[in-house]
Each structure stands twice: as structure tokens, then as C-alpha cells.
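Undergrad: One structure, pasted below without further comment.
Every number in this text was worked out from the coordinates using simple rules, so none of it is lab data. Everything quoted here is computed from the prediction, not taken from an experiment. No Cβ is skipped: glycine too gets one built from the backbone with ideal geometry, and neighbour counts run over all protein chains shown.
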Amino acid sequence: MNELVIEAVGVSKVYWDGTRTLQVLKDVSLTVKRGESVAVLGPSGSGKTTLLNMLSGLDRPAEGIVRLAGQDIHSLSEAAKARFRNEHIGFVFQFYHLLPEFTALENVMLPALIRGSREAEAKAKALLERVGLTARLTHYPSELSGGEQQRVALARALVNDPAIVFCDEPTGNLDPATGFEMAALIENLSTREKKTVLIVTHDRGLAARATRIWNITQGNWEK
Ligand code: ADP
Ligand code: MG
């Protein structure tokens with residue numbers, strides 16, 4: 001695998017709110033190496049979620065290039081991009097995005113089933129154990145606390161053993177103790193498993209565990 005796992009060059013994003021345009025990202029360039037974890041710290045509204053959406057292929061930048069493990073993600077067809085994401089990217093959403101009609105176990109199994117894994121259930125159970133949720137396998141998201149849903153979301157992001165993990169405010173909705181546990185789990189992804197991790201957050205305790213911190217302020221993306 002390419003040493004530069006995440007590479008963004010001149011990424012810009014503009015939103016149209018119906019009456020005017022809003023430039024959220026302007027000429028953002030960054031690189032993250034294999035096994036590195038980078039925390040992007042910035043206030044609410046500074047464009048952190050937008051950045052992750054651009055870097056992970058969830059949304060398309062107005063300008064710029066994003067390469068993940070050397071692959072220009074935005075040049076892929078929708079089907080190829082979905083496959084690439086399923087195989088190589090784990091994404092922990094700010095508001096979990098668990099499927100409400102599936103249990104915790106089923107939510108975690110789903111990306112592995114899509115990939116065609118025969119060990120989806122065993123992998124999902126092992127990950128749910130790792131995040132301390134063995135007693136919640138058959139619970140539905142509505143029966144779980146915010147912290148539990150966040151941990152299910154982390155387990156789901158890891159089920160296909162992705163090389164790259166994006167985390168959008170993974171401790172944002174957690175109490176301090178649960179946030180601390182989550183931060184430790186995320187830290188292990190890069191230190192022990194050599195995954196490449198990009199976290200956006202306003203949690204300084206979480207950011208302090210990263211190998212590198214990138215501070216941003218509104219409209220001012222500086223390294
Ligand atoms: P953060 O994650 O740092 O809080 P976001 O990336 O969610 O910031 O949003 C950055 C700015 O872009 C905010 O001002 C937000 O209102 C605006 N924005 C985000 N998504 C959209 C959208 N789909 N359409 C229009 N404006 C948006
Ligand atoms: Mg956000």
C-alpha cells in the first residue's frame with residue numbers, strides 16, 4: 001500500500017443554500033501516512049463534517065483531488081466507489097446512522113455481508129465484545145443509549161478490517177467516562193493495528209492522543 005494513505009490536494013467545497021453560496025472548504029491540502037492518526041480540531045460550523053465527507057467519497061468536492069491509498073476516489077463510478085468504501089474505509093458518523101429496524105449485531109454484520117464474508121456474524125460478535133456490548137447484541141438502536149449506539153457504530157466501521165478509519169466527533173455525544181473509553185479504542189486503531197485514522201473533533205482530550213493535530217478555525221484552514 002502507498003505510504004501516503006490519505007492525500008487531499010486543493011479541495012474546495014461550496015454549498016448553495018437557495019439564495020447564496022457558502023464556501024466551506026477552500027483549497028485544503030493534507031496528507032496522512034500509513035499508521036498515523038490525525039485529529040482535526042475545529043469549532044462547530046468550521047467544515048469538519050464536510051471535510052470528512054469529501055475525503056471519504058461520501059460527497060464530491062467542487063475542486064481538488066482526493067487519493068486514498070493512491071486511488072483517486074472521485075474518479076470512480078458510484079458502484080466502484082461503494083465497493084472501495086466497503087473494503088477499505090470505516091466511517092464513524094457523528095450521529096451514528098444505525099439502521100433502526102436492525103439489531104446491534106445485524107447493524108455490525110451488514111457491511112461484512114455486503115462484502116460476501118462468511119464470517120460476518122463471528123466478526124461482528126468479536127467486535128461488539130471489544131467495545132463492551134456483548135450483552136446488547138439483540139437490542140435495536142432505539143433500545144440503546146447514545147454511548148452504546150456510538151460503540152455499535154465503531155464496531156460496524158471496523159467489521160471489514162479497513163485500512164482507513166474516519167471518525168466524525170466520535171466522543172461528541174458521550175459522557176466523559178464513555179468518551180475516554182472510546183478515545184482509547186480509537187487510539188489503538190493506529191498504534192496497535194497500524195490503521196490510518198482521521199478524526200474530526202472539538203474534544204481536546206481525544207485530539208491529544210493523535211500523532212498529529214491540525215487546528216482549524218472558521219474559514220481559515222492552516223496546518
Ligand atoms: P462542522 O462539522 O465543523 O460543524 P459542517 O461541515 O457540518 O461543520 O458545516 C460547515 C458549514 O457548512 C456550516 O455553516 C453549515 O451550515 C454548512 N453546511 C453543511 N452542510 C450543508 C448543506 N448540505 N447545505 C448547505 N450548507 C451546509
Ligand atoms: Mg460536524
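Undergrad: Pull up all non-local amide H partners of TRP214: gap of 5 or more, or a different chain, and H-to-H distance under 5 Å with H placed in the peptide plane.
TA: ALA39, VAL40, LEU41
Undergrad: Tell me what the chain gives for mean residue ellipticity at 222 nm when only DSSP H runs of n ≥ 4 count, each as -39,500 (n - 2.57), the sum divided by the residue total, rounded to 500 deg cm²/dmol.
TA: Values: 7 runs with 76 residues, N = 223.
Helix-only estimate at 222 nm: -10500 deg cm²/dmol.
Undergrad: Skipping prolines and chain starts, which residues have an amide H placed within reach, meaning under 5 Å, of the one on PHE91, given they are 5 or more residues away or on another chain?
TA: Sorted by chain and number, the residues that satisfy this are PHE166.
Undergrad: Just the number, please: percent antiparallel of the DSSP beta bridges in the chain, rounded to the nearest 5.
TA: Values: 18 of 36 bridges.
Once the DSSP bridges in the chain are tallied, antiparallel ones form about 50 percent.
Undergrad: Also, I was wondering about something else. Which peptide among 15-28, 87-100 comes first, and what is the full order, when sorted by highest mean count of other Cβ atoms within 10 Å?
TA: Taking the mean over residues of other Cβ atoms within 10 Å, the ranking is 87-100, 15-28.
Undergrad: I would also like to ask the following. Tell me which GluC sites (Glu not before Pro) from the range 138-223 have a DSSP coil assignment and no more than 11 other beta carbons within 10 Å of their own.
TA: Working: sites: GLU143, GLU148, GLU181, GLU187, GLU193, GLU222; in loops: GLU193, GLU222.
Sites meeting the loop and neighbour criteria: GLU222.
Undergrad: Which of the peptides 156-166, 65-75, 124-134 is most tightly packed, and how do the rest follow, going by the mean number of other Cβ atoms within 10 Å of each residue? Could you put the intermediate results ahead of the total?
TA: On the way: 156-166: 21.8, 65-75: 16.9, 124-134: 18.5.
Most protected by this proxy first, the peptides run 156-166, 124-134, 65-75.
Undergrad: If you build the convex hull over the alpha carbons only and average its shadow over all orientations, what do you get for the range 9-58? Give it in nm² to one decimal.
TA: Details: hull surface 16.7 nm².
With the hull built on Cα positions only, its mean projection is 4.2 nm².
Undergrad: Express the relative contact order of the chain as a whole percentage, based on alpha carbon pairs under 8 Å and six or more residues apart in sequence.
TA: On the way: 442 pairs, mean separation 64.9, N = 223.
Relative contact order, the chain: 29 percent.
Undergrad: Which of rounded, prolate, oblate describes the range 18-105, given a ≥ b ≥ c as roots of the alpha-carbon gyration tensor eigenvalues and a/c under 1.5 marking rounded, otherwise prolate only if a/b is larger than b/c? Display every interim value, and only then the final one.
TA: Details: a/c = 1.38, a/b = 1.16, b/c = 1.19.
Taking the square roots of the gyration eigenvalues as a ≥ b ≥ c, the range 18-105 is rounded.
Undergrad: Using the per-residue mean of other Cβ atoms lying within 10 Å as a proxy for protection, in what order, highest first, do the peptides 195-206, 41-52 fall? Provide the component values of the computation, followed by the final result.
TA: Values: 195-206: 21.8, 41-52: 19.0.
Packing order, densest peptide first, comes out as 195-206, 41-52.
Undergrad: Please order VAL152, VAL108, VAL38 by the number of other Cβ within 10 Å, starting at the fewest.
TA: Working: VAL152 27, VAL108 30, VAL38 21.
Ordered from fewest to most neighbouring Cβ atoms within 10 Å, VAL152, VAL108, VAL38 come out as VAL38, VAL152, VAL108.
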